[in-house]
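**Q** Here's a structure for you.
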2 protein chains.
Amino acid sequence: MPAADGKTGGNMKKRKRFEEIGYEPTNVKELLTEMKDVSELITDLAYSAVIFDIKDIAEEVKELESRMDKLLYQIRLTAMLATRTVEDAEQFSGLLQVASAAENISNAAGDIIRLLDTKIENRPFLPSLLQKADEKIRIISVPEKSPMSDKTIGELNVEAETGVRIIAIRKGERWMYDPADSTILSGGDMLIVRGVDDGYIRLKGFAEGKRGLNNE
Amino acid sequence: MPAADGKTGGNMKKRKRFEEIGYEPTNVKELLTEMKDVSELITDLAYSAVIFDIKDIAEEVKELESRMDKLLYQIRLTAMLATRTVEDAEQFSGLLQVASAAENISNAAGDIIRLLDTKIENRPFLPSLLQKADEKIRIISVPEKSPMSDKTIGELNVEAETGVRIIAIRKGERWMYDPADSTILSGGDMLIVRGVDDGYIRLKGFAEGKRGLNNE
């Protein structure tokens, strides 16, 4: 059964389920919640991949895109099998409409990352252009002796304190996407974040030990 | 020429241009930036419309969706007319790929709001379900004598202070979508916001005069 709460689950965990497509009894509502979560994460990841030219993130987008295909298949099967009355059918039909929209969004994200298959010379102004949009995607490097080190994302309350969301973290060779509140930040991490200027400046300054996280 | 900066422009302004489709010389980059901005706003608005059953927001989604069709048409024309060399063509092709993805996202948002055409009894659990996703969309009512009154969104630095983004405001009978930093908040306003719990609680408490905006 998929975790409905992206925040506490994180994305690493989710991937292992549904290795092959088949009917697996599960809850339509949880499937839809996961689909909505993924549809939000995947576009951010797709833009990050193009802006910073990071193939690992593009790979994650491809995996999420194929996971979405499976989730859509799963939710359709589950809804059909659970339908007993006309009322059931009408209710599930609305749900499937949202599910299908979420899957379309993930396909659009998949189209975006296919840009990485073209030569980098052919997309010279795209990175800066995509960054111009009003909520900005950027990188923060956590230095070795950062005050951020050994703190969890939840403990720092990053998003509510700064308006900045951490969408991916590179720890050594490994990437984490949509990190959970319980994720521990460490020196050497590279964070891909999304958010407004002021919060970004504060979070970066804090990571670099130059200031507190709050606006004092 | 479309405003590239959603933040300072706001959405009311953008709508008047392109009443009919025709070639209008403009900048490919600015068109794409607007398309990306709209693709982000429109999904939030679509989910809000369904969660709170607000037809005005659904109407705005429809207008943005049709604006996106026009923007896509415009960017294709502009790119083709600006192409002189094979290199130009290769660069524009990447750009058009992102433009097309943004337009697909807006179509998905359009599919979501078409749920409002079905009877409300047929989508009883969808609102709560969509709210369960990790970043939440909710309503804040600004009381008549709120400390928020007569302040601009930029002055309060709402998003960077709380992690909460104001996606729409109802002022009397009138709706504003994607309000600019210069928008003045007033008693009686209804805000549709998107963000994490902690920030939402703070912003709501502040609106109601029960606490400061910061986490002191």
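**Q** Could you identify the single residue in A:134, A:88, A:150 that is modelled with pLDDT under 90 and either in contact with a strand residue (DSSP E or B) (Cβ under 9 Å, 6 or more places away or on another chain) or surrounded by fewer than 16 Cβ atoms within 10 Å (Cβ to Cβ) (or both)?
**A** Sole residue among the options that is modelled with pLDDT under 90 and either in contact with a strand residue (DSSP E or B) (Cβ under 9 Å, 6 or more places away or on another chain) or surrounded by fewer than 16 Cβ atoms within 10 Å (Cβ to Cβ) (or both): A:88.
**Q** Quick check: is even one residue across segment A:23-38 in a helix (DSSP H, G or I) and touching a strand residue (DSSP E or B) at 6+ places or on another chain (Cβ under 9 Å)?
**A** no
**Q** Going residue by residue through segment A:80-99, is there one that turns out to be within 30 Å of residue B:179 (Cβ to Cβ) and away from chain B (no Cβ under 12 Å)?
**A** Among the residues of segment A:80-99, not one is within 30 Å of residue B:179 (Cβ to Cβ) and away from chain B (no Cβ under 12 Å), which makes the answer no.
**Q** Which count do you get for residues in segment B:110-127 that are in contact (Cβ under 8 Å) with a residue 60 or more places away in the chain, at the interface with another protein chain (Cβ under 7 Å from one of its Cβ atoms) and either surrounded by fewer than 16 Cβ atoms within 10 Å (Cβ to Cβ) or under 15 Å from residue B:38 (Cα atoms) (or both)?
**A** 0
**Q** Quick check on residue A:140: is it more than 7 Å from every other protein chain (Cβ to nearest Cβ), touching a strand residue (DSSP E or B) at 6+ places or on another chain (Cβ under 6 Å), farther than 24 Å from residue B:118 by Cβ and of a type outside the set (D, E, K, R)?
**A** So residue A:140 passes the test.
**Q** For residue A:7, indicate whether it is modelled with pLDDT under 95, under 28 Å from residue A:155 (Cβ atoms) and not in a helix (DSSP H, G or I).
**A** no
**Q** Now for a different question. Which of the following residues is in contact (Cβ under 8 Å) with a residue 24 or more places away in the chain and either in a loop (DSSP other than H, G, I, E, B) or acidic (Asp, Glu) (or both): A:60, A:87?
**A** A:60
**Q** Here is a further query. Among the residues of segment A:71-85, is any among the aromatic types (Phe, Trp, Tyr) and modelled with pLDDT of 90 or more?
**A** yes
**Q** Same structure again: So which of A:121, A:159, A:155 ends up being touching a strand residue (DSSP E or B) at 6+ places or on another chain (Cβ under 6 Å) and assigned to a helix (DSSP H, G or I)?
**A** A:159
The values are calculated or read from the model by the stated rules, or taken from the named source; none is laboratory data. Remember, predicted model here, so these are calculated numbers, not experimental data. As a convention, Cβ positions derive from the backbone with ideal geometry for all residues, glycine included, and neighbour counts pool all protein chains shown.
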